[in-house]
Amino acid sequence: MTDEVAVLGVGLHPWGKWGRGFVEYGAAAARAALADAELDWRDVGSIVGADTVRGGYPGYVAGATFAKALGWQGARVSSVYAACASGAQAIGAARAQILAGLADTVLVVGADAAPKGFFRPAGGDRPDDPDWLRFRVLGATNPTYFGLYARRRMALHGDTPEDFAQVKVKNSAMGALNPYARYRKRVTAEEVAASAVVADPLRLLDICATSDGGAALVLSSMDFARRRGVAEPVRIRAVSTVTPRYPNTVLDLPDIATDSAVAVEPAAESFRASITRAAYEEAGIGPEDLSLAEVYDLSTALELQWYEDLGLCSEGEGAKLLREGATGPGGRIPVNASGGLASFGEAVPAQAIAQVCELTWQLRGAAGDRQIAGARVGVSTNQGLFGHGSAVVAVR
């Protein structure tokens, strides 16, 4: 186990399609987190920005961009990009600075202004870029892969489109209670089934949207928190940022082929399972200790996969766990009490930070109508392109 860092403040800018720049969303979230921490920006020792590739050069140096928006004050600055895992990587960088004694307080910020429709590759011809190739060679948008993942679960485990729809039903019910969510309307299984097919077997309501939004955290050393009179803060106990092992025998976004397993035996566990195992080992806990989990439900079928990769059930039993009500409010291990990406849509660099905001509210007992009774330990997890895995364990 490593030393812990305290979460002093959290803040979100509501998700939506607001038509403004990412800096505005991130600065608003940052100010909210600073207010929650009762800390003046001028007293922050470092800022870590989670980058966006959709904001021009300011997006590539998000740490400095947000520092300028808040007002230059001489803080250390760094910027992190890891696709969907950018926010968790930024949290990891902030924690490392605190534990190394480089700063007592670090502000972590991520924000995005997403395009209409599906994400597309950056401009220019890059035949050595797998992300460029999958669009140009296969015409494979993200939902194409989501559909393949869903088909794989149907073939291997007997999952059905009705199972996938129930994930949306569950998450929309929680999102309806979240003032920061973009979609705050309960959805029925019939409405999911009536929505347009996007990537068979997945329909429009099975797939998360692309959204604008911003999220921020104020992290500090435990000593600083105590000096501020915060005796029992929510604490980050682990941040996992692992990579896959060769050979990868399951097709994963953005690749267009798997590795050969002729010469090397595949690892005993999947990449996603290794992400959470590393976090559990660092935190000194197991899945049986969790009070709740926030997972990256890019699609309804992917949420079921995360149940298994988190160790909440055995392989192939994700749909069974859902049907039993274990992952819903009042269940044994509620998943996506925030409403998940199903209710937010994806604001890439902000999303993993927003997951930790939700864990913090839940562990504080401050989640309002979404509150999970007695929450003490939570995990958030996601996966970014090109082998960026991330998971965060928070405790109180």
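Observations on the model:
- Test item: Cα-centred dipole of region 254-396, Lys/Arg +1 and Asp/Glu -1 on Cβ, debye: 600
- Over all pairs of different C-alpha atoms, region 28-179 has a mean inverse distance whose reciprocal, the Kirkwood radius, equals 18.6 Å.
- One equal scatterer on each Cα of region 131-223, no solvent, Debye formula: the resulting log10 I(q)/I(0) at q = 0.19 Å⁻¹ is -0.97.
- Over the C-alpha trace of the chain, radius of gyration and Dmax come out as 19.8, 59 angstrom.
- Accessible-area composition of the chain, carbon plus sulfur, in percent [1.4 Å probe]: 52
- Choice from Gln383, Gln362, Gln97 with maximal GNM fluctuation in the chain (Cα, 10 Å cutoff): Gln97
- Between Arg151 and Ala96, the FRET efficiency estimated from the beta carbon spacing at R0 = 25 angstrom works out to 0.05.
- Dipole orientation for region 14-163: of the candidates Leu133, Ala85, Ile98, Leu133 has the Cα lying most toward the positive pole (charges on Cβ; Lys, Arg +1; Asp, Glu -1).
- Tyr180, Tyr246, Tyr60, Tyr145, ranked by accessible area, largest first (probe 1.4 Å): Tyr246, Tyr60, Tyr180, Tyr145
- About the Cα centre, charge dipole magnitude for the chain (Lys/Arg +1, Asp/Glu -1 at Cβ), debye: 980
- Area accessible to solvent at Val80, 1.4 Å probe radius, in Å²: 20
- Qualifying aspartates and glutamates (Cα of each under 18 Å from Cα of Lys68; at least 8 residues distant if same chain): Glu24, Asp40, Asp43, Asp51, Asp112
- Cut-off 14 Å between beta-carbons: net charge of the residues surrounding Ser86, Lys and Arg +1, Asp and Glu -1: -2
- Acute angle (nearest 10 degrees) that the helix 142-157 long axis makes with the longest principal axis of the chain, alpha-carbon atoms: 60
- Per-residue surface analysis assigns Lys170 an accessible area of about 20 Å², computed on protein heavy atoms at 1.4 Å probe radius.
- Choice from Ser78, Ser291, Ser195 with maximal GNM fluctuation in the chain (Cα, 10 Å cutoff): Ser195
- Applying 1/(1 + (r/R0)^6) with R0 = 45 Å to the Cβ-Cβ distance of Lys185 and Arg31 gives a FRET efficiency near 0.95.
- Counted charge near Ser274, where neighbours are those whose Cβ lies closer than 9 Å (Asp, Glu -1; Lys, Arg +1): +1
- Folded to 0 to 90 degrees: helix 22-37 orientation relative to the chain principal axis, Cα: 60
- Kirkwood-based Rg to Rh ratio, region 87-242, C-alpha trace: 1.07
- Within the chain, helix-based [θ] at 222 nm, where runs of 4 or more DSSP H residues each add -39,500 (n - 2.57), nearest 500: -11000 deg cm²/dmol
- Rounded, prolate or oblate (a/c below 1.5 giving rounded, otherwise prolate when a/b exceeds b/c) for region 204-281 by Cα gyration tensor: oblate
- Helix axis angle, 271-283 relative to the chain longest principal axis, alpha carbon, degrees: 30
- In the complete set of protein chains, residue-level accessible area for His388 is approximately 60 Å², probe 1.4 angstrom.
- For Lys168, a cut-off of 27 angstrom between C-alpha atoms picks up these lysines, skipping any fewer than 8 places away in its own chain: Lys17, Lys116, Lys185, Lys320.
- Charge tally in the Cβ shell below 10 Å around Arg153, where Lys, Arg are +1 and Asp, Glu are -1, Arg153 excluded: -1
- Take every DSSP beta bridge whose two residues both sit in the chain; close to 65 percent of them are antiparallel.
- Computed on region 65-131, the Cα convex hull volume stands at 139 Å³ per residue.
- Stretchable slack from Val262 to Asp3, in nm (0.36 nm times residue separation minus alpha-carbon distance): 89.1 nm
- Within a Gaussian network of the chain (alpha carbon springs, distance under 10 Å), most fluctuating of Gly55, Gly26, Gly318: Gly55
- Dimensionless Rg/Rh of region 293-376 - Kirkwood Rh, Rg from C-alpha atoms: 0.95
The values are calculated or read from the model by the stated rules, or taken from the named source; none is laboratory data. Treat the numbers as computed from the prediction; the structure is a model and nothing was measured. Every residue, glycine as well, gets a Cβ built from its backbone with ideal geometry; the counts of neighbours run over all protein chains shown. These area figures cover heavy atoms from the full protein model, side chains too; ligands, DNA and RNA do not enter into them. Shrake-Rupley method; radii C 1.70, N 1.55, O 1.52, S 1.80 Å.
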